[in-house]
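Step one of this worksheet: look at the structure below.
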Amino acid sequence: MLTVGFVGAGTVGTALAVSLYRAGYPIVAVASRSFSSARKLAGLVANCHPYQTAQEVADVAELVFITTPDDVISHIASEVKWRKGQNVIHCSGAHSIDILESAERLGAKVASFHPLQTFASIDEAINNLPGSTFALEAQEPLLSRLKELCSSLNGKWVELKPGDKVLYHIAAVFVSNYVVTLIKLALDLWRSCGVPPKEATKSLLPLLKGTVNNIDNIGLPDCLTGPIARGDLGTISKHLNALETENSSVLTTYRDLGLQTIPIALASGKIDKHRAEEMKALLKK
């Protein structure tokens, strides 16, 4: 089994290192901008040595994950003297493997291995990582090795081509990050009704979880509910009037999301084309 090293000991690097270690992979080295972070990660896995530099990790590991912030991946890759045949993998969601070009020129095999998961804290990330989907961009035989890593983590994978990464990552932003934004907007509206954020969150979470369950069990487009799905012009008008009076800052967001939702309702067969056009006209006013 290949020895594994990490350059970057933040949330992603730590969660991935711990998860791979638990799956039986030898994690032998870690370096980080903060040596204390490297020591902390090394303390979570047996026989892992903390180092000061990326080069020291590359010198002892056959498969090296670069789990630093995106903006420094290319710089780190260009500073290391990689060995021919060595495996160098970055974990950026938005970047393709071209940012590892300097490593490839030295004969290393390069890849992208992005866990499609949220990393709010180390403990939560370690718990959430097994079973996740991983976006892979690599050539054989490294591609097969990465698939083995995914299987070891009870995960699935999708293979991406050069140029796919940005759209893939935008999708992830919509599903994860912008859901948080939508919850924040909802909490602000409930605050206007006198409900504190903590209480509002507890009240709205079952609705959110029910929606996720419907997406999983029923699927799009049939899982859509609410006024757009019903073609309820009267309710939509009330929403627009209330937002214009009470919270005009989210009025444009409401209109835009409503317009994006109409085709889903139409595809589900819950409204006809005439009602869809009526709703479009109302939301565009």
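The values are calculated or read from the model by the stated rules, or taken from the named source; none is laboratory data. All values reported here derive from a predicted model rather than from experimental measurement. Here the Cβ is made from the backbone with ideal geometry for all residues, glycine too, and neighbour counts use every protein chain on show. Ligands, DNA and RNA are excluded from the accessible area calculation, which covers all protein heavy atoms including side chains. Shrake-Rupley method; radii C 1.70, N 1.55, O 1.52, S 1.80 Å.
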Gly163 vs (1) at pLDDT 95 or above; (2) out of contact with any helix residue (DSSP H, G or I) (no Cβ under 8 Å at 6 or more places or on another chain): all pass except (1)
Given the structure, is Leu44 assigned to a loop (DSSP other than H, G, I, E, B) and out of contact with any Asp or Glu (no Cβ under 8 Å at 6 or more places or on another chain)?
yes
Failed condition for Val72, given (1) in a strand (DSSP E or B); (2) of a type outside the set (D, E, K, R); (3) within 16 Å of Ile89 (Cα to Cα):
(1)
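Please specify each residue of region 130-158 satisfying the condition of being among the charged types (D, E, K, R), open to solvent by 50 Å² or more (accessible area, probe 1.4 Å) and either in contact with a Lys or Arg (Cβ under 6 Å, 6 or more places away or on another chain) or closer than 20 Å to Val64 by Cα (or both).
First, pick out the residues of region 130-158 that are among the charged types (D, E, K, R): 137, 140, 145, 147-148, 156.
Checking which are open to solvent by 50 Å² or more (accessible area, probe 1.4 Å) leaves us with 140, 145, 148, 156.
Hits for region 130-158 are Glu140, Arg145, Glu148.
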Within the group Leu240, Leu204, which residue is surrounded by 13 or more Cβ atoms within 10 Å (Cβ to Cβ), aliphatic (A, V, I, L, M) and either under 25 Å from the mean Cα position of the chain (by Cα) or not in a helix (DSSP H, G or I) (or both)?
Leu204
Considering region 119-129, residues that are assigned to a loop (DSSP other than H, G, I, E, B) and modelled with pLDDT under 90, and then whichever is surrounded by the most Cβ atoms within 10 Å (Cβ to Cβ), we arrive at Phe119
Identify the residue in region 255-277 that is in a helix (DSSP H, G or I) and in contact with a helix residue (DSSP H, G or I) (Cβ under 6 Å, 6 or more places away or on another chain) and, among all such residues, is surrounded by the most Cβ atoms within 10 Å (Cβ to Cβ).
Ala265
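Does at least one position in region 224-234 carry a residue that is open to solvent by 70 Å² or more (accessible area, probe 1.4 Å) and in a helix (DSSP H, G or I)? Lay out the reasoning, then the answer.
From region 224-234, those open to solvent by 70 Å² or more (accessible area, probe 1.4 Å) are 225, 230; that's our starting set.
Among the residues that remain, those that are also in a helix (DSSP H, G or I) are: 230.
So far as region 224-234 goes, yes, one or more of its residues are open to solvent by 70 Å² or more (accessible area, probe 1.4 Å) and in a helix (DSSP H, G or I).
Restrict the check to region 84-92 and report whether at least one residue is farther than 17 Å from Val4 by Cα, crowded, with 18+ Cβ neighbours inside 10 Å and touching an Asp or Glu at 6+ places or on another chain (Cβ under 8 Å). Lay out the reasoning, then the answer.
First pass over region 84-92, keeping only residues farther than 17 Å from Val4 by Cα: 92.
Among the residues that remain, those that are also crowded, with 18+ Cβ neighbours inside 10 Å are: 92.
Adding the requirement that they be touching an Asp or Glu at 6+ places or on another chain (Cβ under 8 Å) leaves 92.
Among the residues of region 84-92, at least one is farther than 17 Å from Val4 by Cα, crowded, with 18+ Cβ neighbours inside 10 Å and touching an Asp or Glu at 6+ places or on another chain (Cβ under 8 Å), which makes the answer yes.
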Testing Val12 on (1) in a helix (DSSP H, G or I); (2) over 20 Å from Phe134 (Cβ atoms); (3) open to solvent by 40 Å² or more (accessible area, probe 1.4 Å), one condition comes back false. Which one is that?
(2)
